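Here is the structure we will look at.
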Amino acid sequence: MKTISIGHTGPTPLGDLWVAVSENGFIAVEFPATQDEFMAWLQKHHSAEIQFAPEKVADALAQLREYAAGTRREFNLPIDWSVLNAFQQKALKLTYDIPYGETRTYKEIAVEMGNPRAARAVGRAEATNPMPIVLPCHRVVGSDKKLHGYGAGDGLDTKAWLLKLEGAVIT
């Protein structure tokens, strides 16, 4: 059986971030959440033994703390892309490539995927992203360049905070 290791950052400007790592890499970050809520979410989405093992997620925790403090611009964690379906993988790999402090629209990602009419599907892939911040769905905005949807933290307030942290220009 697959094993998933979890841990949490402790206090950050975004709150306490819970992270999960499989044998193949990073698979989830959740906030706000309790350990029980996070474990229940993981059990619903993964067939695996879940263990509290901060030492196994130490690199992910350190990188997220540094990002939230404004001292890290890029993550260099191995990502377990296998936890995403094929469409999510395509959309979120393009999202992962959006540089710090920049934004793209859902439509721009759909066009880059070769399907300009898939902006709503890209929005759904972003909305179900289990690795927000690391796969920076906060950098994806509407065609009107305004903020639309964000499921992590306090929603759009968190999305705006993350973009402000990065110095991104938003309307």
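The values are calculated or read from the model by the stated rules, or taken from the named source; none is laboratory data. All of these numbers come straight from a predicted model, not from anything done at the bench. As a convention, Cβ positions derive from the backbone with ideal geometry for all residues, glycine included, and neighbour counts pool all protein chains shown.
Would you please name the residue that is surrounded by the fewest Cβ atoms within 10 Å (Cβ to Cβ), looking only at residues in the stretch 32-72 that are in a loop (DSSP other than H, G, I, E, B) and in contact (Cβ under 8 Å) with a residue 60 or more places away in the chain?
Among those residues, the one meeting the criterion is Gly70.
Taking the conditions exactly as written (in contact with a Phe, Trp or Tyr (Cβ under 6 Å, 6 or more places away or on another chain), crowded, with 17+ Cβ neighbours inside 10 Å and closer than 24 Å to Ser5 by Cβ), does Val134 satisfy them or not?
Yes; evaluated as a whole, the condition is true for this residue.
Six or more apart or on different chains, Cβ atoms under 6 Å: show the pairs whose first residue is in the stretch 89-112 and assigned by TED's automatic domain parsing to the domain that holds Ile133 and whose second is surrounded by 16 or more Cβ atoms within 10 Å (Cβ to Cβ) and charged (D, E, K, R).
These pairs meet every condition: Ile98/Arg104; Ile98/Arg139; Tyr100/Glu166; Gly101/Glu166; Thr103/Arg139.
Do you know which residues across the stretch 13-36 are of a type in the set (Val, Ile, Thr) and modelled with pLDDT of 95 or more?
Selection gives Val19, Val21, Ile27, Val29.
Given the criteria buried (at least 16 other Cβ atoms within 10 Å of the Cβ), out of contact with any helix residue (DSSP H, G or I) (no Cβ under 7 Å at 6 or more places or on another chain), modelled with pLDDT of 95 or more and among the aromatic types (Phe, Trp, Tyr), does Tyr106 qualify? Before you say what the answer is, go through the steps one by one.
On the way: buried (at least 16 other Cβ atoms within 10 Å of the Cβ): yes; out of contact with any helix residue (DSSP H, G or I) (no Cβ under 7 Å at 6 or more places or on another chain): no; modelled with pLDDT of 95 or more: yes; among the aromatic types (Phe, Trp, Tyr): yes.
So Tyr106 does not fit the description; no.
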